[in-house]
Amino acid sequence: MPMFRKLAALGLIAAMMIGAASPDAGRPPIIGISHLAVYATDMAATDHFYRVVLGARKGADPEDAAGVRYYFSPRQFVEVLPAPKDHGPSMLAHVGYVTADAARLRTWLSAHGVRDLSPVQHGQGGDQWFGGRDPEGNQVQFVQPGSSVTTAEKGAISGRIIHVGHAVHDRARQDGFYRTLLGFRPYWFGAFHPDKVDWVSQQLPDGRDWLEYMMVGEGSDVTADKVDARQLGVLNHLSLGVVNMEAAVTTLYRENRLSPRHDGPQMGLDGKWQANFYDPDGTRVELMEFKPASTPCCSPFTAESPEP
């Protein structure tokens with residue numbers, strides 16, 4: 001074999017070995033937030049919040065006949081489920097992420113030691129999904145959407161879920177799943193006080209949407225004794241991206257669409273304008289501008305922000 005062919009072959013083998021060593025080698029893309037699923041004790045009141053206040057389109061829930069989906073775009077939504085009698089203080093049901101290939105991702109996770117994954121299910125609209133749990137027991141779904149349309153639903157205050165967040169007690173354990181295994185990437189972290197870490201944001205492996213650890217316990221301003229149902233509603237949340245916060249909030253004021261409980265707008269410590277609205281059971285929906293308007297506290301952004 002000529003020398004240049006030998007070198008080419010050795011280079012190919014080396015590249016294959018490097019790829020095999022990568023923790024996300026062969027993993028189908030995880031490209032965005034699909035949805036947040038929450039429990040509701042009053043489905044009618046919750047319907048008003050998501051359909052009228054936030055302007056989402058109401059649709060059937062192919063996963064649970066008792067549930068309802070509220071679409072911000074054909075690919076992103078909030079799933080509302082009737083609260084079980086033993087639901088406890090948290091109203092979070094699960095978080096859903098978009099993948100390019102649900103069946104292959106399930107196979108990949110299983111091959112990497114993730115157990116107790118549900119079978120891949122199929123919805124009438126073409127969605128495919130399966131579920132599992134992260135190390136702290138939070139239910140996680142991976143969804144292959146049946147639609148490629150990302151246009152905002154008419155009347156929705158936003159057509160883009162840009163991040164979700166939930167309570168995290170053990171950052172190292174969660175990092176083992178989200179960062180080491182799945183390949184989530186650091187984005188920003190911060191806190192109210194310089195000796196604490198309250199929020200840890202990491203972008204999805206193949207997109208700019210992010211998951212926010214809402215830290216609880218040692219090292220955080222939120223100690224375990226402070227965490228009741230109201231606090232969990234603040235911690236377990238989703239964020240809708242808006243281009244201009246003043247325009248978005250003005251629309252809600254002008255059209256009398258404000259929720260009874262709300263706060264802001266205010267400048268977040270990450271340098272982005274935000275405003276908070278709460279569904280009838282206290283789950284927080286945060287409006288947030290896509291881009292920072294000032295320098296963030298605590299740490300710089302280490303990746304590009306989501307686009308509208």
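The values are calculated or read from the model by the stated rules, or taken from the named source; none is laboratory data. From a predicted model like this one, the values you see are computed outputs, not experimental measurements. Neighbour counts are summed over all protein chains in view; Cβ atoms, including those assigned to glycine, are modelled from backbone coordinates with ideal geometry. Remember, those area values only see protein heavy atoms, side chains included, never the ligands or the DNA or RNA. Shrake-Rupley method; radii C 1.70, N 1.55, O 1.52, S 1.80 Å.
Here is a yes/no grid of residues against (1) open to solvent by less than 10 Å² (accessible area, probe 1.4 Å); (2) not aromatic (Phe, Trp, Tyr):
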| site | (1), (2) |
| --- | --- |
| THR250 | no, yes |
| TYR253 | no, no |
| SER259 | yes, yes |
| LYS272 | yes, yes |
| TYR278 | no, no |
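Can you name every residue in the stretch 125-139 that is touching a strand residue (DSSP E or B) at 6+ places or on another chain (Cβ under 9 Å) and farther than 20 Å from ASP101 by Cβ?
Matches in the stretch 125-139: ARG133, ASP134, GLU136, ASN138, GLN139.
For ARG179, work out the one condition from (1) buried (at least 16 other Cβ atoms within 10 Å of the Cβ); (2) in contact with a Phe, Trp or Tyr (Cβ under 6 Å, 6 or more places away or on another chain); (3) over 21 Å from ALA37 (Cβ atoms) it doesn't fulfil.
Among (1) buried (at least 16 other Cβ atoms within 10 Å of the Cβ); (2) in contact with a Phe, Trp or Tyr (Cβ under 6 Å, 6 or more places away or on another chain); (3) over 21 Å from ALA37 (Cβ atoms), the lone unmet condition for ARG179 is (2).
Looking at the stretch 151-169, which of its residues are surrounded by 14 or more Cβ atoms within 10 Å (Cβ to Cβ) and not small (Gly, Ala, Ser)?
The answer is GLU153, ILE157, ARG160, ILE161, ILE162, HIS163, VAL164, HIS166, VAL168, HIS169.
Taking ARG5 as the residue in question, decide whether it is modelled with pLDDT under 95, out of contact with any helix residue (DSSP H, G or I) (no Cβ under 9 Å at 6 or more places or on another chain) and charged (D, E, K, R). It would help to see each step written out before you state the result.
Working: modelled with pLDDT under 95: yes; out of contact with any helix residue (DSSP H, G or I) (no Cβ under 9 Å at 6 or more places or on another chain): yes; charged (D, E, K, R): yes.
Yes; evaluated as a whole, the condition is true for this residue.
With the condition being within 16 Å of the chain's Cα centre (by Cα), I'd like the strands (runs of 3 or more DSSP E) fully within the stretch 203-280 carrying at least 1 qualifying residues. Break it down into steps so the answer makes sense when it comes.
On the way: elements: 210-215, 237-242, 262-267, 273-278.
It comes to 210-215, 237-242.
Quick one: count up the residues across the stretch 142-174 that are of a type outside the set (A, V, I, L, M) and under 30 Å from THR223 (Cβ atoms).
Taking the stretch 142-174 and keeping what is of a type outside the set (A, V, I, L, M), we get 142, 144-148, 150-151, 153-155, 158-160, 163, 165-166, 169-171, 173-174.
Retained after the next criterion (residues that are under 30 Å from THR223 (Cβ atoms)): 163, 165-166, 169-171, 173-174.
Of the residues in that region, 8 qualify.
For ALA65, are the conditions met, namely being more than 15 Å from the chain's Cα centre (by Cα), open to solvent by 10 Å² or more (accessible area, probe 1.4 Å) and of a type in the set (A, V, I, L, M)? Quick ask: steps written out before the conclusion?
Working: more than 15 Å from the chain's Cα centre (by Cα): yes; open to solvent by 10 Å² or more (accessible area, probe 1.4 Å): yes; of a type in the set (A, V, I, L, M): yes.
Yes: the conditions hold for ALA65.
Against the conditions (1) open to solvent by less than 60 Å² (accessible area, probe 1.4 Å); (2) farther than 14 Å from ALA93 by Cβ; (3) at pLDDT 90 or above, where does GLY11 fall short? Just the number, please.
(3)
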